[in-house]
Structures are given as C-alpha cells and as structure tokens.
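Following: one structure in structure tokens, then a few remarks.
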Amino acid sequence: MSDYLGNERILIRGGTIISVDEAVGDLPRGDVLIDGGMIVAIGVNLPDEGARVIDADNHYVLPGFVDTHRHTWQSVLRNVASDWSLGQYFQGMHFGMSSLFRPEDTYIGNLLGRTEALDGGITTMLDWSHNMATPEHADAAVAGLLDAPGRSVFAHGGGAPQWQVPSGVPHPRDVLRLQEQYFSSENQLVTLQFAARGPQYTTPEIAESDWELAREVGTRITVHVGDGAWGKNRHVVWMHDRGMTGPDVTYVHCNMIDDEEFRIIADTGGSASVAADIETQMGHGWPATGRLLDVGVRPSLSIDVCSSNGGDMFHAMKTTISTQRALDNAALERNGLSATDAAGLRVSCRDVIEFATLRGAIANGVDDKVGSLTVGKQADIILIRASDLSMFPHNNPYGQIVYNAHAGMVDTILIAGRVVKEEGRLIGTDVGRIKQLAQETNDYLFAEAANKDLIRDASRDGHWHPRPVVAS
Ligand SMILES: [Zn+2]
C-alpha cells in the first residue's frame with residue numbers, strides 16, 4: 001500500500017460512465033465505488049454505505065486524461081511562440097530563451113504547467129523536461145512536479161548545452177543521481193523516464209551512447225522522430241539497425257517518417273505520441289494519426305509546448321480528429337470521390353477519447369495503475385459537467401466530450417482516490433501564488449532577453465519573431 005493512495009470510501013453516483021475498458025463498457029447512468037484509492041466496483045445502484053457520495057448527475061465520468069509529452073518549463077513563456085514556425089521556435093527557444101532560465105524559473109514553469117494541466121483534467125502528465133543546464137535545474141524541475149497535485153512522469157532530457165543541434169554533447173549522467181535520489185520506486189505518484197534526443201538531434205555517436213545510458217537507467221525512453229524536414233532521414237530505420245527500438249520506446253510526432261519506419265514502430269511494439277495542435281501550427285508535417293492506425297498503432301496524445309498552444313486535452317482531441325478527418329476527406333477527393341461516397345469516418349470520437357486516456361497511460365508506463373475505469377486500478381477519475389446549455393440535450397457523450405466540452409467544464413478530479421478538484425475548484429492549491437511567481441519569472445526572462453539583445457525590447461506584444469533555423 002502506498003502513502004499517496006486516498007483512504008476515503010467514495011461513491012461517484014449517477015453519472016454517465018465512459019470506462020475506456022472494453023470489458024466494463026459504458027453505462028448511461030452508473031456509479032463508481034472507490035476505497036483505499038482503488039476502484040472497487042463499477043455498476044448501477046451501488047450501495048453508498050459508509051461512503052462519501054459525489055453526485056455525478058448530469059456529468060460524464062471518465063478516466064483522467066494522460067498527456068505523453070509536454071515541455072512544461074515553457075508554460076512561463078505562454079503563447080510567445082504562437083506565430084512562430086518550427087525554425088523560429090528552435091532559434092527563439094532553444095538557442096535563445098532556454099539559456100536564460102534559472103533553476104527557480106524551471107521550478108515555476110513546472111509548477112504552473114503541471115497545475116494547469118491538472119485543472120483541465122490531465123491526471124497524468126509526462127514532463128519532457130529539456131531545460132536542465134545544471135543539476136540544480138533538474139532538482140527544480142522535479143520539485144515543481146512534486147509540489148503540484150497530480151500523477152507525473154519526469155522525463156529527463158538535458159538542457160540548453162544538449163540542444164544546440166546537431167549536438168556532440170552527451171546526455172547528462174546526472175540522470176543516474178536523480179533516479180537514486182527521487183525515483184527509487186515505481187510505486188509513487190511521480191516516476192522517471194529517459195527523454196532521449198535521438199539521431200535527429202545529435203551526432204550518430206552521441207545517439208548511440210545516450211541510448212546506452214538510457215538502457216542503464218532502465219526506464220522507458222521517449223524520443224522525437226519525424227518532426228519537420230530534418231525528420232525525413234529515416235532515423236527510425238537507423239535506430240532499428242542498432243537495436244534501439246522496442247516496446248519501451250515512445251516515438252513523439254512521427255510526421256515525416258516513411259512507411260517502413262511506421263512498420264518498425266508497430267512490429268517492435270512501440271508507442272506513439274501525436275501533438276496535433278503544435279504539428280499543424282509550426283509545420284512539423286501532418287499529424288500521423290491515420291498512418292499510425294494503418295499499421296495498428298493506436299496513438300497517445302500530447303500538448304508539447306504551451307509557449308505556442310493551449311495546455312488542455314480538449315484542444316488536442318479536437319485537432320487530432322479534425323486533421324485526420326480532413327486528410328481522409330482530402331484523400332477521397334483526390335481519388336475522384338466525395339464525402340458522400342465514404343462508407344463512414346474511420347476515426348471516431350470514442351477512439352480519440354481512448355487515445356487521450358488509455359493509450360497515454362500505456363505510453364507513460366502507468367497503464368497497470370490508471371488509464372481506464374477498471375476494478376483494481378487506482379482511481380484517477382474526472383467528472384465533466386454536462387449541464388451547460390451547450391451540452392444539452394444529451395445524444396452522444398463521446399461527441400460532446402471531443403467536440404463540445406472544454407477545460408472549464410472539468411468539475412471534479414480524483415487522483416489515486418483523493419479529491420483534488422471539487423465543484424470546479426482545485427483543493428489545497430494556492431493559484432494566486434502560482435500566478436504571481438509565474439509573472440515574476442516571465443518579467444525576469446523578458447528583461448534578460450532584452451539585456452542580451454535576443455529581442456528588441458522587453459515588450460510582450462506578439463511582435464518578436466526570431467530568425468528561423470534552417471533544417472539541414
Ligand atoms: Zn517536443
């Protein structure tokens with residue numbers, strides 16, 4: 001038994017249950033009983049004896065969302081890059097802003113980003129943490145996750161010294177120290193992964209030696225592939241030839257990889273992370289959802305950078321389904337057909353909810369604990385309010401969640417059976433303090449950027465556009 005598990009007996013009563021578990025199915029009106037942090041029963045008219053009752057009437061009850069890739073530190077630079085291309089992002093962020101971060105800036109970035117994600121219903125979030133120039137920055141990144149409510153994966157990804165690409169600088173061995181200091185057990189709310197740069201961002205020698213370090217750490221590995229033009233060089237084939245692929249790897253983006261690379265990911269049991277909002281905005285290439293499904297890989301979803309896009313899963317689900325449906329309809333048209341000739345839409349709203357929950361839990365290595373409403377799993381559960389005018393009347397819960405709901409409708413959240421959000425308000429979180437710290441960090445970073453001539457002045461009016469880095 002872990003000390004993070006809730007000790008209350010809780011009955012979530014009378015909600016529309018979307019379990020994301022084939023065996024459980026979905027219930028138009030049902031209950032979830034929780035005890036000792038675990039889901040102990042799912043059914044209709046469960047007894048409320050000895051339980052605190054949460055009234056879920058007019059609510060959708062589902063497993064919390066799981067984000068499989070977010071560079072959380074960038075939340076303190078919110079939306080600065082919303083009009084930047086991928087090349088401008090690398091110039092402005094990795095060759096610019098990231099080097100200005102002090103450990104305390106990384107801390108508040110993670111505290112803000114993790115808390116914001118939770119507020120919108122993301123109960124598990126992978127922090128693809130790649131702004132750790134020093135061990136102190138890494139400690140601060142971990143502290144930000146530990147101080148925020150929610151289940152997190154700290155994916156250790158180096159810092160500015162490692163991200164001057166193509167890099168000949170090895171991944172910091174500090175990851176071993178962090179593992180010993182913070183991640184001695186898998187049985188805790190914050191766990192460890194290795195965020196590798198991979199051959200797309202390093203010299204071949206460094207890609208291989210980084211991987212050896214990753215396998216020494218022994219956790220799952222997450223790596224970007226196929227994002228933008230520099231992702232066209234068949235890096236997945238290269239990795240496969242060197243024994244670097246496997247079921248312990250999550251491939252982030254996958255936009256520009258070729259058919260053989262998709263087959264390798266499928267054949268080796270890899271996971272994928274689609275970040276459709278950022279990919280369509282910056283020009284990574286089309287989201288790979290359909291091509292992954294073609295080879296039998298059901299993707300997870302991710303947010304990527306809150307310096308550009310929004311930080312909640314509703315945006316991610318909607319962009320994922322919209323782009324795939326647009327691609328599918330465009331393909332029909334190219335073949336001289338129209339949407340009226342289609343037998344149906346191949347990606348359903350229910351599929352996308354599964355991507356946003358269970359598939360994320362698998363990629364984050366926590367599907368034995370969470371990702372679906374299943375008896376025996378820990379109770380990471382969200383209640384989405386379905387009583388608003390825009391959600392009425394109720395005909396298709398999956399469609400309402402994907403196309404209609406938003407982060408402001410996430411009413412109640414449980415993490416491991418503990419209520420962390422109730423009636424729309426986070427419990428035990430000083431939101432005012434987080435905002436104040438985030439503003440101070442934001443002011444500091446822009447003042448420093450102006451001092452160092454990175455930007456014209458310290459104004460934040462959306463006019464700063466870095467010179468792009470050109471892909472090689
Ligand atoms: Zn990324």
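The values are calculated or read from the model by the stated rules, or taken from the named source; none is laboratory data. All values reported here derive from a predicted model rather than from experimental measurement. Using ideal geometry, Cβ is built from the backbone for each residue, glycine included, and neighbour counts are taken over all protein chains shown. What goes into the accessible areas is simple: the full protein's heavy atoms, side chains included, and nothing from ligands, DNA or RNA. Shrake-Rupley method; radii C 1.70, N 1.55, O 1.52, S 1.80 Å.
Annotations for the structure displayed:
- Dimensions (Å) - the stretch 211-348, Cα atoms, principal axes, largest first: 53, 33, 26
- Protection proxy ranking for 49-56, 294-301, using the average of other Cβ atoms within 10 Å per residue and placing the highest first: 294-301, 49-56.
- Length released on extending from Val53 to Ala450, taking residue separation times 0.36 nm less the Cα-Cα span: 137.5 nm
- Counting only DSSP beta bridges whose two residues both lie in the chain, roughly 45 percent are antiparallel.
- For the stretch 331-408 versus the stretch 115-152, the gap between their alpha-carbon centres in whole angstrom: 25 Å
- For the stretch 28-175, accessible area per residue (1.4 Å probe, heavy atoms of protein chains only), Å²: 28 Å²
- Model label sites at Glu208 and Asn187, defined 7 Å from Cα along the beta-carbon direction, differ in position by 4.0 nm.
- Distances between every pair of Cα atoms in the stretch 343-472, grouped in 10 Å steps from 0 to the bin holding the largest one, split as 10, 22, 25, 24, 17, 2 percent.
- Axis of helix 103-119 versus longest Cα principal axis of the chain: the two differ by about 30°, to the nearest ten degrees.
- Overall dimensions of the stretch 250-323 by Cα: Rg and Dmax, Å: 11.8, 35
- Descending by average beta-carbon neighbour count within 10 Å, the peptides 271-283, 160-172, 30-42 line up as 271-283, 30-42, 160-172, the highest first.
- Two-decimal Rg/Rh across the stretch 403-458, once Rg and the Kirkwood Rh are taken from alpha-carbon atoms: 1.25
- Principal-axis tilt of helix 204-217 within the chain, Cα atoms, nearest 10 degrees: 40 degrees
- 16 Å Cα-Cα reach of Lys421 towards aspartates and glutamates, excluding residues that sit fewer than 8 places from it in its own chain: Glu8, Asp55, Glu116, Asp119, Asp147, Asp312, Asp380, Asp411, Asp430
- Classification of the stretch 155-278 by its C-alpha gyration tensor yields a prolate form. The axis ratio a/c (a ≥ b ≥ c) is 1.5 or more, and a/b outweighs b/c.
- Ellipsoid semi-axes in whole angstrom, largest first, where each is sqrt(5λ) of the Cα gyration tensor of the chain: 34, 27, 22
- The Kirkwood radius of the stretch 157-204, taken over pairs of alpha-carbon atoms, gives through the Stokes-Einstein law at 20 °C and 1.002 mPa s a diffusion coefficient of 179 µm² s⁻¹.
- For the stretch 8-59: rounded, prolate or oblate by the Cα gyration tensor [a/c cutoff 1.5]: oblate
- Annotation note: GluC sites (Glu not before Pro) in the stretch 315-424 located in DSSP loop regions with a Cβ neighbour count of at most 15 within 10 Å are Glu423.
- Residues of the stretch 183-273: accessible area per residue with a 1.4 Å probe, Å²: 34 Å²
- Two-site FRET efficiency, Glu180 against Tyr403, from Cβ-Cβ distance with R₀ of 51 Å, rounded to 0.05: 0.65
- Counting only protein heavy atoms and a probe of 1.4 Å, the accessible surface of the chain is 50% carbon and sulfur.
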